[in-house]
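What follows is a short report on a single structure.
Quick note: the coordinates plus some simple rules give every number you see, no bench work behind them. Just so it is clear, the structure is predicted and the values come from calculations on it, not from any experiment. Counting neighbours? That spans all protein chains shown, and the Cβs are built from the backbone with ideal geometry, glycine included.
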Amino acid sequence: MVNKKIKHCLGVRRCIFAASSLHFKATHPTHVAMEHPRITILPDHIANQIAAGEVVQRPESVVKELIENALDAGAREIAVFVRDGGKSLIHVLDDGCGMRREDLELATVRHATSKIRSLEDLQRLATLGFRGEALASIASVADLEIITRQAGDEHGWKLVCQPLKPQRIEPTDCPAGTQVIVRNLFFNVPARRKFLRSDTTELRYISETMIRYGLSYPDRSWTFHDGRGMVFQLQPQPLLERIGALFHADIAGSLIPVDHQTDLVRIEGFLGLPSIARTTKASQYLFLNHRPITNRALAHAIYQGYEHMLEKSEHPFFVLFIWLDPERVDVNVHPQKHEVKFDDERAMYHAVLEAVLQSMRQHELIPQLRVKQVESSAPLIAVPNSGGAPLVVNRLTGEVIPLQSPPTLPSSPGRPRSSSYQLRTEQPQWQPATSQQLASILAPASSSAVERETFPEQPRMWQMHNKYIFVQTDDGIMIIDQHIAHERILYERALDALEHASADRSQRLMFPVELPLNAREIAIFRELAEDLQRLGYDCCLHEDRATVEIRAVPTEIRPGEEATSLREVLEQYAEYQTIRPASARDNLAASYGCRAAIKAGDPLSVAEMRRLVEDLFRCRTPEVCPHGRPVMIHFALRELDRRFGRTS
């Protein structure tokens, strides 16, 4: 009897277990899939395309990898030709050691490399490349052709490689060295190709890479052609001359040398004087054993050396080389190989800081050198006069001064004080709500007859520390940041001008101003040429001498800042395109507003403050700047009364 009960219980349990198993399989379909493996090995072509995304992000990445291969091959002459911003063609030629057929067969195989053979080689890298991923990644997302010959060989070899097709190698006649031709980048990865920027923007990234390696190897010859003309052609030269060739003479003449050595490291190169500080970090170049790197700690050490010499919004120009035992640094941190880690970060920080301070002490660098070099430092020029004696013309104001009455020259080479905020003559078009809001702010203060007789009328707005505008309102007080307010005004005006061009925005210069540009800045200018004209700039690019002739500027640009304003707009635009997710025109408008606006420290008259407030409340969004910072802060009278303990 007991055995029957036990069997019955076991049978019930089996039924319950079977039923629960069926319920689990019904509610968890994936359980059935366990019969087939869920983990599979990706096909090689898909794996290669995924891996290529880390190495080949844009045409500039291809140029960088091919340049590094050429340098590792011992090339003394390197030429780079691109078309359509590198999207349709990238052609890199070098006179390096070349390859044999056996090496060429393995060149596009992933992780095939001639740079390292053991873990010890990886721990003391002396080459720029070492992963063996570049050519394989390029071959998976583009049509690749490699032509190479070693010196002394009768003929060379040509490899043709296309995605999903077997590669072929054939003999060819070619000069010693290697040529790599990349066509139709990302043609088989539409998702990646559609995220590429315009041709001019991609060319700008390539130009920056060419400048970086041109600085890193001044003892090599470099040729850079963008499909429309020669961007630059450089012969081997000392570093200072190379800086002058890639930038301009004013930069090269405003540098101080750095030469510092410790038991750990050697640091050499050049630092820019505070007078040529930039508005962005675009002109900062740091190299480790010839490798371009980025390192926040070392950058902070350089900034620390400029402490009290630069404003917070200014960034120094520098080209610094660090020479260090390869065993004391790890460059295998990121696929792009820009980030590095040192075995003693603290010692490296102090070494760089001491190198900067030592150079500044030796050259007696003092804060007075911070005065910006603008055109207004020499506003008076002599002009031949066919009718008799020459004339002296103030090119900032257009005033003609006869030579018989000698002009009074400025007592100091600094920038003359001028009206900071230019009054506009047109009447604002008010909306009803905006009109009432502004009327409540700018209305005359109410006062008794006795008060009006005893005290003179006081302005309802005043400036504090040449930075903030205080405006008395009917129900309290409003504090306006003059720079941010003007930035918002100029931003909206620039957006309107970019959509609806107007000749009224431009003021023609009596004497054109020339602005030297480097390859990266020329690429940016080409990209923005049409929109800059809409903003009010009238410029002519002279590519043969790498300068832009400025004939007219927007009406908001202050006298003497024609060239610096354009350069700062170009630099700021390049930075915004990297960090600010917005359209190109929006970023240009924001760049113009930021760089053309009045600055903190500019004195304003009551009339200028009043017009600034009027223009601000005419904006569509007067409360915030283009970056989201608040333009104004309002303190209600009742809040002030509460803080001071007033009950009525």
Mean-position separation - Cα centroids, segment 265-304 and segment 576-648, in angstrom: 33 Å
In sequence order, calculated HN-Hα J values of segment 58-75 (Karplus, 6.51, -1.76, 1.60; Hz; x Gly/Pro): 6, x, 4, 4, 5, 4, 4, 5, 6, 5, 5, 4, 5, 5, 5, 7, x, 5
Interchain or long-range residues, amide H under 5 Å from Gly269's placed H: Val258, Phe321
Karplus 3J(HN,Hα) series, Hz, for segment 592-605 with 6.51 cos²θ - 1.76 cosθ + 1.60 (x for Gly, Pro): 5, x, 5, 8, 9, 6, 4, 9, 5, x, 7, x, 10, 7
Kirkwood estimate for segment 161-216, i.e. one over the average of 1/r between Cα atoms, Å: 14.8 Å
Long-range amide H partners of Val624 with built H, under 5 Å: Val631
Rg and Dmax of segment 542-620, Cα atoms only, in Å: 15.1, 48
Ordering of 504-510, 306-312, 572-578 by packing [mean C-beta count within 10 Å, highest first]: 572-578, 504-510, 306-312
Rel. contact order, % - alpha carbon contacts under 8 angstrom, at least six apart, segment 251-350: 31 percent
